[in-house]
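In what follows, a single structure is set out as structure tokens and then discussed.
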Amino acid sequence: MKQSFFEKFSKAHLPPTRFTRFEYEPEKCTHCKACVDTCPTSCLQWDEEKKEPYATGLDGMEIACIACNNCEAVCPGNCIRMRGEYRVLEGRYKTPEDKYGEMTPPRPFGESDADRDYEAIARDLTETEKVLYERRSIRLYKNKPVPREMLNRIIEAARFAPSAGNGQPEKFLVVTDPEINKEVDRLCAKVLTMIKKLYVGKSRWRKMIVTLLSAISANKWDQRPIAAMEKVNQNNDSITFGAPAVIHVLKDTRGISNPEICSALAAHNMVMAAHSLGLGTCYVGFIASTVPYAPKVKKLLGIKYPYEIVTTICVGYPKMKYDNPIARGRIPVEWIEEK
């Protein structure tokens, strides 16, 4: 994808965007509100008068959807669809042309899968493949503690993840004290509130500040996480969803090569192992991203040099069935083969 110098440094704040479409069949709705509760952003809201969900946005953002399709996966009535694709049309965050295309369900065997439903495809899959396709991010947990032996099992899976030079730079901080988790959430939510106020709304000064900040750190100023910050506010500053166990994944900052990658590989071993054991998990990045601006969190959790948080994983028993494969966007693949 070619971008001019001007385009690379323009329209970072609320860029021209084509959002996904929210489709809803009211006659199938069971009114369980699971779609609204599981939505990671402030996109889906509940209309108490009509007793149905509706999609909304933020000031300057037409629809606050990240196209995760969890609403579709959790819906018992199969009445919700998020259709189309999220596409930024211009500026720094412009979607590359080779990512254009409708979202599609799993097609591990190529286009021959286009006419088969997932149940038919699953018969030809390994158990590992099924876990990969069926795992969803869980944000609704039962009020049931996770036994320590179960947590030990998923942590042990992480210990056998690959790492650069076998350095194993990761460390895991397991918190099952709800009061500590609530306080960490509260402290980090204060930072998120300030970031959201800085971003949301159309004004010249916001455009200038976000453009400058995105030039310094492009990965942190995409518009999509802003909607999730609004959801945190709506959920009484809850970032970890009241999960009975929260695992902070730390890296040794002196680790070989890219210790954050090694820590992420270990984290995903945990997530996959947890799913195979009937547990639900959800990655949370807001704690790692806000800790530098909330030093009390480090003190509360006892994090000291040389360790830093890479990501956080919520763990618990899912409140409802989520294991439904959903559509995902296109991933560009190029083949360089022997001639």
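Read the figures in this text as sums done on the coordinates, not as results from a lab. Note that the structure is predicted; figures quoted are calculated from it, not measured. Counting neighbours? That spans all protein chains shown, and the Cβs are built from the backbone with ideal geometry, glycine included.
Side notes on the structure shown:
- Footprinting exposure proxy for 205, 335, 46 (fewest neighbouring C-beta atoms within 10 Å first): 335, 205, 46
- Largest mean-square fluctuation among 261, 239, 138, in a Gaussian network model of the chain whose springs join Cα atoms under 10 Å apart, belongs to 261.
- Taking each of 99/196; 33/182; 94/220; 251/299; 144/299 in turn, the alpha-carbon distance tops 21 angstrom for 99/196; 33/182; 144/299.
- Antiparallel %, DSSP beta bridges [both residues in the chain], to 5: 95
- GNM on the chain, alpha-carbon springs under 10 angstrom: the most fluctuating residue among 117, 37, 185 is 117.
- Taking the number of Cβ atoms within 10 Å of each Cβ as an exposure proxy, the fewest-first ranking of 17, 30 is 30, 17.
- The GNM of the chain, with springs linking C-alpha atoms under 10 angstrom apart, assigns the highest mean-square fluctuation among 166, 69, 181 to 166.
- Scaled against the 2.2 N^0.38 Å expected of a compact globular protein of N residues, the Cα radius of gyration of the chain reads 1.03.
- Calculated [θ] (222 nm, deg cm²/dmol) that DSSP helices of n ≥ 4 give over the chain, each run adding -39,500 (n - 2.57): -10000 deg cm²/dmol
- Charge tally in the Cβ shell below 10 Å around residue 22, where Lys, Arg are +1 and Asp, Glu are -1, residue 22 excluded: +2
- Across the chain, the relative contact order, built from alpha-carbon pairs under 8 Å that are at least six residues apart, equals 26 percent.
- Karplus-derived 3J(HN,Hα) values for region 113-125, using 6.51 cos²θ - 1.76 cosθ + 1.60 with θ = phi - 60°, are 7, 4, 9, 10, 7, 5, 4, 5, 5, 4, 5, 9, 9 Hz; glycine and proline are entered as x.
- Whichever lysines have a C-alpha closer than 23 Å to that of residue 28, once near sequence neighbours (fewer than 8 apart) are set aside: 50, 51, 319, 321
- The eigenvalues of the Cα gyration tensor, multiplied by 5 and square-rooted, give region 148-316 an equivalent ellipsoid with semi-axes of 29, 19, 14 Å from largest to smallest.
- 20 Å tail of the calculated P(r), region 5-99, as % of Cα pairs: 42
- The mean sequence separation of alpha-carbon pairs under 8 Å and at least six residues apart, normalised by the residue count of region 148-316, gives a relative contact order of 37 percent.
- Of the residues 212, 279, 192, the one with the fewest other Cβ atoms within 10 Å heads the list, and the complete ranking is 212, 279, 192.
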